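What follows draws every value from the coordinates through simple rules; no lab data is involved. It should be emphasised that the depicted structure is a prediction, and the values quoted were computed from it without experimental measurement. Quick reminder, even Gly has a Cβ in these numbers, built from the backbone with ideal geometry, and neighbours come from all protein chains shown.
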Amino acid sequence: MGCGPGRLLAPLCESGWAITAYEPDSDYAAAAQELAHQLPNVQFYQRGLLDLDEDSAYDLIAAVNGPYPYVLNASDRRDALARCARALRPQGVLFLELSNFSWILKNYRDPPALTIEIQGLTVTRTAHHEFDFHRGIMSHHDRFDWVDASGQARTARKTHHMAMVSFTEISLFLDDLGFEEVHTFNSLADREPGPLVGRKILVAARRGQTAGESAFAAYAPIR
């Protein structure tokens, strides 16, 4: 879910997974779709979490590098997790990775400028943040500057709006939706769960053998 340009598709293929990849953003979807055509056992759809509409189809649903907070409304986020519960097979695993906004706000620093080389071009990225505390939304604004092969100065901009989601909310929704064995991690390198203490929230949860009536209460009216 939210595969971006598809950086994880090849490693997952090499591990033997059959993959369904979702990405709603048109800037990323074209790259992901092109890559999916080159890999075995990969289906790509330009869709997001709120478009997931399958029953007992997957052993694992992973939303890494922060796609879950792009669902800006709390009731929609619960709906997204209900859709994940329905789409998982019993005992299937949901894995979420997102920013820990409580930690970020406590330790806030302006994003530093970054210069990188892309296909022989030197690209400078500058970023700034805006916070809407009333709505609980952070807006991340990126600006990219470079000089093309003809010597022309170029600029591109990209804005991301993210809900400042807490683990408290996620835990409440997962419990209500019948998930079990909810574990938290601070890094993809962690091999044992632990309390959240850093800039990331990583959550793994298993769908129960029977999800219960409440799991799909929000989902049922729209089917």
extent check for the chain: Cα max minus min per principal axis, descending, whole Å, gives 62, 44, 37
Enter the angle in degrees (range 0 to 90, nearest 10) between the Cα long axis of helix 74-87 and the first principal axis of the Cα atoms of the chain, meaning the one along which they spread out most.
70
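How compact is region 104-162 by the rule of thumb for globular proteins, expressed as Cα Rg over 2.2 N^0.38 Å?
Working: Rg = 14.4 Å, N = 59, 2.2 N^0.38 = 10.4 Å.
With N residues counted in region 104-162, Rg over 2.2 N^0.38 Å equals 1.39.
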Suppose each label sits 7 Å from its Cα in the direction of the beta carbon; what would the Ala31-Lys158 distance come out to in nanometres?
0.6
Gly2's amide H: which non-local residues (gap 5+, or another chain) put their own amide H closer than 5 Å, with H modeled 1.01 Å from N in plane and none for Pro or chain starts?
Tyr22, Glu23
Between 0 and 90°, nearest 10: helix 26-37 axis offset from the chain longest Cα axis:
70
Distance in nm between pseudo-label sites at His129 and Ala74 (7 Å out along the Cβ direction from Cα):
2.1
Among Gly120, Gly136, Gly198, whose mean-square fluctuation peaks in a Gaussian network model of the chain (Cα, cutoff 10 Å)?
Gly120
